[in-house]
Each structure stands twice: as C-alpha cells, then as structure tokens.
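Participant: This is the structure I want to talk about, given as structure tokens.
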Amino acid sequence: MWIYLLLPILTLSFLLIRRRFSYWQRQGVPFIPARFPVGSFDGVGVRNHPSQLLAKFYRQMKGLHPFVGVYYFLQPVVVVLDLDFAKTILIRDFQYFHDRGLYYNEKDDPISGNLLHLEGSRWTNQRKKLIPTFSSGKLRMMCPTILKVADNLKVSFERYVAERDEIEIKDILARFSTDVIASCAFGLDCSSLLEADDEFRRMGTKVFDISGWKLLKLFFVFAFGNVARRCHMKLIDEDISQFFFKVVRETIDFRKKNHVHRKDFLNLLIQLKDNGELEGSNEKLGTLTLNEVVAHSFVFFLGGFETASTTMSYCLYELSLNEEVQERARQCVKAAIHKYGDLNYDALLDMPYLEQCINETLRKYPPSTIYRIVTQNYHVPDSSIVFPKGMSVMIPVYAIHHDPEFWPSPELYDPDRFAPEECVSRNPLTFIPFGEGPRMCVAARLGVLQTKIGLATLLMNFRFSRCKNSTEPLQYSPKHFILTPVGGLKMRVEKIQ
C-alpha cells in the first residue's frame, strides 16, 4: 500500500527538481549543469575549493554573457563574468545588492549580528558607527599595540630558528594575529606566540574548524537561511559565543572599576556604548548595546585571525621562492626605518615596495569570493531578465585575479604589477581583495597595517628560503573558505646577524 503513496511523491519531487534545475535555461542564460543535491557545486568541500570551482566556471563561460547561471543546491545563483557588470552590482545599482546574504540570527545567536552579516538599515546604522573607529588617527593610535606584539613574534621566530632547520610559518603567524586581535579588540595581553595552549588561540582555532557536520551545517544555513532561523539554528557554537561574551563583559567591568583606558579598538567601542560618540569628536554616532560590542569585536577577530595571517604566510612563501624580491622588500623596510628612526606608523606608510608585495600576494591568494543578495526585484539592463528578490550573486575574485587578460602570466609572483605607473592604467575592478563600493571591508587598512608590521619585523631580522619540504605548486584544502594550503607552508629561516 505504502508504495502507491510513495511513488507519486517521488515522481512529483523529481519533476519539481527537474523544473528547478531548468530555471536558467528557461531564462535564456548560459548555465552550468546541476546534479542533485549539490547543484553545480559538485565536490565542493570534499574535492574542490569553492574559489577554484568558480574559476573553472569563469574560464568556461567568460565572453558568452555578462554572467552565468549556476545552482547552489536547489537555489539558482548568478556568477558574474564581466567587470562592468560587477561594477553595476557593487557600485552603480548598489541599492539592489546592498546585502551579502550571509546567515545571521540575532535573536538566538547575538554574536552573529555583526557588520559582516547584518542587512538593510541595521547594517547601514552599524557601519556609520564603526567607520570612524578605523580612521588614520585611530590606526596610528593602535599601531604601538601591534608593534608590541611584533616583539613577541621576533622572539618566537628566534626560538624556532634555534631549534629546527625548517619552520611551518602559518601556525606561528596565526598566533601573531591572535595576539594582535586579543590585544586590540579584546584588551587582553594574550601570549599564544609564547604559550602553545593559550585559550584564546584554542577558541580561535575552533571557530575555523569546519570539518564534518559543521561544514554541512554551514552549507545548509547559507542555502536555506529562513528555514534555519525558524529552526533556531546558530552559526557559532554556544561555548565559543559564551567565551567571547565573558571576555568582553569582564574586560569592560575591569576597565570601568579601575579607570583603565587603553589605545585599542575595544576602548573605541566602549566609548560608543557609553556615550554614542568617540572622544575628540562632536559627531553623534549613536550608542551600541553590549551584544553589538561583542558581535563587532568578534567579527574583528574573524577578519584578522585568518585573513591577515594567511596573507603574511603566502607573502613569505613567495619571498622564500623569490630571494631577489625578498631582498628588495628588506631594503625598502630598512630605508623607511632609517628615514624615520624606528619602525613606527610613519615608517610603515612609507614602504611602497613592501606594499606592492602585499598587494601581489592578495592578488594571487585573495581572501574570499564576494557575495551579494538581490534585495528587490532587479531588471538586468538591456535585457528581459529579472533577478528575483532573494537571489544570490557571486563575484569570483580568485578567477578575476587569475585572468590572463588582466594579469599576464597570472601564476607568476610579480610585485611590479603594482608599481604606480602600472596601477594608473588598470581597471580597479581587476583587483578587489576587500570588495568594492559601500560594502567594502571597513577594516581593510587595519588588516594591511597588521600585515606590514609582521612582515617588516620578520624581514629585518630573518632570511627566508626554500627547504626540502617546501611545496610547489600549492594544493588548497577544500574544507576552508579562505584559501588554505594543505600541509602548511614550510621553509628555511635564518637569523640575520
């Protein structure tokens, strides 16, 4: 009897799925074929990194249309193939694409209500409050805090160099990023560089551990966000959320009771929480709640923990393979320190070739794909196509950064691509590691400052070169959203006498 009930259900499901997977064909848009249940993203998270899979789609379809249709599970998704159309989405018609479409659930998971995930007027309001905290003056104020952590980075490398012939640098630089964020965003004198089992480092590692069921949960909440909210699903594990709430709450209480004022990001958030404005400014920005302070501190942690450390790691990896480029970067650092008398904020702003190395690293190893969601029905210019509200849009940054039309020999590491005379004639949309337009990363300059400090400290004191376990070419883990090398990044490190 049951088979007579099951058969029509299966038949109906098959017909609905087939119709779903014919969406782009019915729209007359070039598309990547889909397979149930993963859609066009076969093997993602298991065999393929999302950025490399999108780059494959980009190479297959570029030139046929300004965008290509794909399927993320059962959801039709737009993948942008044309720089002018990317500019339309990010800048010209931003009002139709102002949200990222990333999952958040403030009611059940307050820590997810941060600037990275928020949408609509909530995002606009919070962005207005936070932008002044990343001004040049505020970065100058935080610079000594980061430089102090860099002293521990030097000590840590000296210890490793004395103990072994080759070093896996990614873990050490992730610890440096952890200590910088702990100090700037949470007001803690963290010591993960010197202590192997530091709790802050352990929690940070746990946040980015997305293997197994966590990976499936992430795919589900981003594909079916409304269903996930109705099921009260949380993006962040409860113990991680409680840890960050406890750290921020206790730090705020301690500072108030002991009249402690530190020159860090948390102090700026406390000023907004208590007064709705920053010291020395008459601009009323509006107050923050404790939940918002924790959420913004947490996203500061997310951005710095992985992105800055990964960029530093890849930069040193490339410099270890290109020792002439490395020496040129070292001389650039030395010249700036000689000019300004010390490694300070002014010296860091005057290291043009080191900045070219960082930019070339971000080109070759961009942090992420750009995600947007259609916030109201959008009629594509000069066509009959309409993107319905709620449709996701992906701009494949890795593919654009490796397009030989814009970057000849894209796999070659060449910082001279970012010499001033080269940048003048280049379309700015060919280099978008931090996004573009109003939703561009507000903390990008702080991330670059942290990266510069780490690299300048190491280049002044150490020389990096290939070792027998150096990997060429690199393979990327499919289980990380940020490009993460399988097996780490090993190299020979020598102390400069």
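Participant: Write out, first by first residue and then by second, each pair whose Cβ atoms fall under 6 Å of each other, whose residues are 6+ apart or on separate chains, and whose first residue, in the range 82-95, is in contact (Cβ under 8 Å) with a residue 40 or more places away in the chain while the second is surrounded by fewer than 17 Cβ atoms within 10 Å (Cβ to Cβ).
Facilitator: L83/N427; F94/P438
Participant: Can you spot a residue in the range 217-231 that is more than 27 Å from V78 (Cα to Cα), surrounded by fewer than 18 Cβ atoms within 10 Å (Cβ to Cβ) and either touching a residue at least 60 places away in the same chain (Cβ under 8 Å) or among the small types (G, A, S) (or both)?
Facilitator: No: zero hits.
Participant: Report, by residue number, each residue of the range 392-405 that is surrounded by fewer than 20 Cβ atoms within 10 Å (Cβ to Cβ) and in contact (Cβ under 8 Å) with a residue 40 or more places away in the chain.
Facilitator: D403
Participant: If you check every pair at least six apart or on different chains, which have Cβ atoms under 9 Å apart with a residue in the range 275-292 that is under 12 Å from P132 (Cβ atoms) first and a residue that is exposed (fewer than 12 other Cβ atoms within 10 Å of the Cβ) and aliphatic (A, V, I, L, M) second?
Facilitator: Between residues of the range 275-292 that are under 12 Å from P132 (Cβ atoms) and residues that are exposed (fewer than 12 other Cβ atoms within 10 Å of the Cβ) and aliphatic (A, V, I, L, M), there is no close pair.
Participant: Where residues in the range 143-176 are acidic (D, E) and assigned to a helix (DSSP H, G or I), which of them is nearest to L266 (Cα to Cα)?
Facilitator: D151
Participant: Could I ask something else about it? With V77, V70, V38 as the choices, which residue is at pLDDT 80 or above, out of contact with any Leu (no Cβ under 8 Å at 6 or more places or on another chain), crowded, with 17+ Cβ neighbours inside 10 Å and more than 22 Å from H401 (Cα to Cα)?
Facilitator: Step by step, each of V77, V70, V38 is checked, and only V38 is at pLDDT 80 or above, out of contact with any Leu (no Cβ under 8 Å at 6 or more places or on another chain), crowded, with 17+ Cβ neighbours inside 10 Å and more than 22 Å from H401 (Cα to Cα).
Participant: For the range 139-179, how many residues are touching a helix residue (DSSP H, G or I) at 6+ places or on another chain (Cβ under 7 Å), closer than 14 Å to S191 by Cβ and of a type in the set (D, E, K, R)?
Facilitator: Of the residues in the range 139-179, 2 are touching a helix residue (DSSP H, G or I) at 6+ places or on another chain (Cβ under 7 Å), closer than 14 Å to S191 by Cβ and of a type in the set (D, E, K, R).
Participant: Moving to a separate point now. One residue is enough: does the range 71-84 have a residue meeting the conditions in a helix (DSSP H, G or I), more than 30 Å from F36 (Cα to Cα) and not basic (K, R)? Please lay out each step first, then the result.
Facilitator: Here is the first cut: in the range 71-84, the residues in a helix (DSSP H, G or I) are 83-84.
Checking which are more than 30 Å from F36 (Cα to Cα) leaves us with 83-84.
Imposing the further condition that a residue be not basic (K, R) reduces the set to 83-84.
Yes, some residue in the range 71-84 is in a helix (DSSP H, G or I), more than 30 Å from F36 (Cα to Cα) and not basic (K, R).
Participant: Can you tell me which of F222, F245 is within 19 Å of the chain's Cα centre (by Cα), among the aromatic types (F, W, Y) and either on the phi < 0 side of the Ramachandran plot or in a helix (DSSP H, G or I) (or both)?
Facilitator: Numbers: F245 fails: within 19 Å of the chain's Cα centre (by Cα).
Every option except F222 fails the conditions.
Participant: Looking only at the range 348-405, count every residue that is acidic (D, E), assigned to a loop (DSSP other than H, G, I, E, B) and either at pLDDT below 95 or closer than 30 Å to A336 by Cα (or both) and tell me the total.
Facilitator: So the answer is 2.
Participant: List the pairs whose first member sits in the range 323-345 and is of a type outside the set (V, I, T), whose second member is surrounded by fewer than 17 Cβ atoms within 10 Å (Cβ to Cβ) and in a helix (DSSP H, G or I), and whose Cβ atoms are under 6 Å apart, counting only residues at least 6 apart or on separate chains?
Facilitator: Y340/D346; Y345/R140
The values are calculated or read from the model by the stated rules, or taken from the named source; none is laboratory data. No experiment lies behind these values; they were computed from the predicted model shown. Counting neighbours? That spans all protein chains shown, and the Cβs are built from the backbone with ideal geometry, glycine included.
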